[in-house]
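J.: Below is the structure I would like to discuss, written out as structure tokens.
The values are calculated or read from the model by the stated rules, or taken from the named source; none is laboratory data. In this text the structure is predicted, and so the values were computed from the model without any measurement. For accessibility, only protein heavy atoms count, side chains too; no ligands or nucleic acids. Shrake-Rupley method; radii C 1.70, N 1.55, O 1.52, S 1.80 Å.
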Amino acid sequence: MKQLPLELPFRQVAERADFIVSDCNALAVASIDQWPDWRGSCRALNLVGPSGAGKSHLAAIWQSLIGDSHHFVRLEAEQMPPDPTFYVFDNIESDDKWNEEALFHFFNRCVADQGGLLLLSQTPVGQMNWRLPDLRSRMRAVNMARIDLPDDDLLYALLDKYFADRQMLASPSLLTYLVGRMERSFSAVQNIASALDRRSMAERKPLSVSLARAMFDELP
């Protein structure tokens, strides 16, 4: 009888040295590193990329660049915080969950207090259907850096980091095999690596190509 693995929490490291830079995300990293010299009267940057691309990791790096002495708030939809100087808007969309008047207020406050705005989204905010004309104008003026889909080298490095962080030994042949079989996306890295992790624990077997082959045969 197979042992069912427990889903244990794992603390993801979000420091600058732990972010893997590749051609697909180099512009986004360079844009974060340019802080505080972001172009425009309102220092704002839109990081655009698919789920799992590392936008939240880059937001944590930006927070570290700002420093603990400043008031920093991370927002999701339907949240109305006090008035700090620096904001991260997480997974922002032009829908009813985001108060457009409040968003425009944040832009104005950023200009007045020389703050900063980081907007994380899967599509550019300047292309979204904002109803408030002044906000629409602001969004179209925001600097943008796009994170593209990962290449093979980045997939290999992300898989290697996943297993290394969990003190699991993944051979180069295994990593090459996984990259050759998996979908080219950031979400696939987490899905494939965690599925193989669980299978290894359940069967009490080390990571191997044969274990990965059996996993792929059972995946939908």
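J.: Just one of [x] 90, 33, 24; [y] 64, 39, 32; [z] 62, 33, 28 is Cα extents along the principal axes in Å as worked out from the coordinates here. Which one is it?
T.: Among [x] 90, 33, 24; [y] 64, 39, 32; [z] 62, 33, 28, the one calculated here is [z].
J.: Within the chain, how many Lys pairs that are eight or more residues apart, or on different chains, come under 28 Å at the alpha-carbon?
T.: The number of close lysine pairs in the chain is 5.
J.: Separate question: Report in % the part of the accessible area of the chain that belongs to carbon and sulfur, leaving out ligands and nucleic acids; probe 1.4 Å.
T.: On the chain, the fraction of accessible area on carbon and sulfur atoms equals 49 percent.
J.: For segment 141-220, report the accessible area per residue in Å² (1.4 Å probe, heavy atoms, rounded to an integer).
T.: That works out to 52 Å² for each residue.
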